[in-house]
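The values are calculated or read from the model by the stated rules, or taken from the named source; none is laboratory data. Since the model is a prediction, treat every value here as computed from it, not as a measurement. Cβ sites come from the backbone with ideal geometry, for glycine too, and all protein chains shown count toward neighbours.
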Amino acid sequence: MWEIHRRRGTLSGAPNFAFDLCANRIDDRNIEGLDLSSARMVVNGAEPVRPESVRAFCKRFTKYRFDPGAPAPVYGLAENSVGLPFPAPGRGLLADRIDRVALAEKSEAVPVSADRSNAAEIAACGTLIPGHQIRIVDNTGREVADRHQGRLQFSGPSATRGYYLNEAKTKQLFDGDWLETGDLAYVAGGDVYLTGRIKDIIIRGGRNIYQHEVEAAIGELDGIRQGCVAVFAAHATDHAEKLVVVAETRETSAEVLARLRRDVDTTTLDVAGIAPDDVIRAPPRAVLKMSSGKVRRAATGDRYLQGVSKKPAIICGGKSCEWRSRVSDPVFGPRAERSSIMYLPPIGGWYFRYSQD
């Protein structure tokens, strides 16, 4: 932001988690005298856009002359040279409040009133750039009407012709003249609304569970590190699929950890309609991430399964048992030699912490 101030920058951007960090973590003393009045457009993309993050950023930086019309939720992908829909400069945040249950069970984006509890709020990513087309199709490949969720496909002059020296993956990319994005979306009023990655959707009891929504809600809990939550489905050794939450926290008190477990259960039930089967309260940096800051759900899930499939050595003392192992830590992987796993009877679950040895 200081570079925008110094160079009078007009265009900038970052993933959603950066907006959260700026809104919640920067000390006022570090931005005294900051002037963001030159910023005409600040794009928010590369991960699901949370309208509340954008609002919090605007509220925090309005006194630093940041224009509330500058934020621009966007959507793009490398297969289309990044950009696809884009909002007009100066429009600011546009969000759609819809019935969460209707979306999860019927794939319908039904508008609801502002005072409706437990509604889902989806950011509009703008209209198509010139010369490009999209369509939303169902599982049979049939195009659906506005406000119906389906697979997002696209075509246009910026679209790739395929993956280099990878014929098999290229075939998966194309559906006739259309290209698959791998995302779910719906269209309303000409705007594109992204609802999730197809590969990330968990289906339980006939309902779609949108992991990023559950992660965001859990990240708002007191004691949980925002942006440091991973939700995934894990196939246990008995072949039953479990809904697992890994949430980072700095808390160590058994009483607080027990409260966090209850809060995570309640929040997941409110957002997804079901409670998690397992909750891991982990220390900072336990949730694996990409260099961009995106949560690596699959990798974190793999570490989880590695841990539950092997039996670590047990050291018992007092009212708890401590597991020390280099191979069976479901979160840390290579860090396992510097960490330990503790089972806390009052909580009834696993808690991971760094070793004090």
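Only one of Ala234, Ala272, Ala258, Ala254 is in contact (Cβ under 8 Å) with a residue 40 or more places away in the chain and within 24 Å of Val54 (Cα to Cα); which?
Ala272
Given the criterion part of a helix (DSSP H, G or I), in contact with a Ser or Thr (Cβ under 8 Å, 6 or more places away or on another chain) and free of Cβ contacts under 8 Å to residues at least 40 places away in the same chain, identify the matching residue among Ala23, Ala56.
Ala23
For Pro157, state whether it is touching a residue at least 12 places away in the same chain (Cβ under 8 Å) and within 21 Å of Gly273 (Cβ to Cβ).
no
The rows are residues; the columns are (1) modelled with pLDDT of 90 or more; (2) of a type in the set (Ser, Thr, Tyr); (3) over 25 Å from Glu121 (Cβ atoms); (4) assigned by TED's automatic domain parsing to the domain that holds Leu152.
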residue: Gly190; (1), (2), (3), (4): yes, no, no, yes
residue: Gly206; (1), (2), (3), (4): no, no, no, no
residue: Glu220; (1), (2), (3), (4): yes, no, no, no
residue: Gly223; (1), (2), (3), (4): yes, no, no, no
residue: Gln226; (1), (2), (3), (4): no, no, no, no
residue: Ala236; (1), (2), (3), (4): no, no, yes, no
residue: Lys242; (1), (2), (3), (4): no, no, yes, no
residue: Val246; (1), (2), (3), (4): yes, no, no, no
residue: Arg261; (1), (2), (3), (4): yes, no, yes, no
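Out of Ala114, Ala159, I need the residue that is out of contact with any Pro (no Cβ under 9 Å at 6 or more places or on another chain), of a type in the set (A, V, I, L, M) and either part of a helix (DSSP H, G or I) or at pLDDT 95 or above (or both). Which one?
None of the other options fit; the residue is Ala159.
When the residues of segment 276-292 are filtered to those that are without any contact (Cβ under 8 Å) to a residue 12 or more places away in the chain and surrounded by fewer than 16 Cβ atoms within 10 Å (Cβ to Cβ), which remaining residue is farthest from the chain's Cα centre (by Cα)?
Among residues in segment 276-292 that are without any contact (Cβ under 8 Å) to a residue 12 or more places away in the chain and surrounded by fewer than 16 Cβ atoms within 10 Å (Cβ to Cβ), the one farthest from the chain's Cα centre (by Cα) is Ser291.
Quickly run through segment 167-203 and pick out the residues that are surrounded by fewer than 20 Cβ atoms within 10 Å (Cβ to Cβ) and of a type in the set (Ser, Thr, Tyr).
Correct list: Thr170 only.
Do we have any residue at all in segment 112-125 that's without any contact (Cβ under 8 Å) to a residue 40 or more places away in the chain, of a type in the set (Asp, Glu) and surrounded by fewer than 17 Cβ atoms within 10 Å (Cβ to Cβ)?
Taking every residue of segment 112-125 in turn, at least one turns out to be without any contact (Cβ under 8 Å) to a residue 40 or more places away in the chain, of a type in the set (Asp, Glu) and surrounded by fewer than 17 Cβ atoms within 10 Å (Cβ to Cβ).
Say whether the condition of being surrounded by fewer than 19 Cβ atoms within 10 Å (Cβ to Cβ) and among the aliphatic types (A, V, I, L, M) is met by at least one residue in segment 148-158.
no
Out of the residues in segment 26-53 that are assigned to a loop (DSSP other than H, G, I, E, B) and among the aliphatic types (A, V, I, L, M), state the one that is surrounded by the fewest Cβ atoms within 10 Å (Cβ to Cβ).
If we take residues in segment 26-53 being assigned to a loop (DSSP other than H, G, I, E, B) and among the aliphatic types (A, V, I, L, M), then Ile26 is surrounded by the fewest Cβ atoms within 10 Å (Cβ to Cβ).
Which residue out of Phe57, Phe61 is modelled with pLDDT of 95 or more, buried (at least 20 other Cβ atoms within 10 Å of the Cβ) and out of contact with any strand residue (DSSP E or B) (no Cβ under 9 Å at 6 or more places or on another chain)?
After ruling out the rest, the residue left standing is Phe61.
Report, ordered by the first and then the second residue, all pairs with beta carbons closer than 6 Å, sequence separation of six or more or different chains, a first member in segment 293-305 that is closer than 16 Å to Asp278 by Cα, and a second member that is part of a helix (DSSP H, G or I).
Arg303/Gly333
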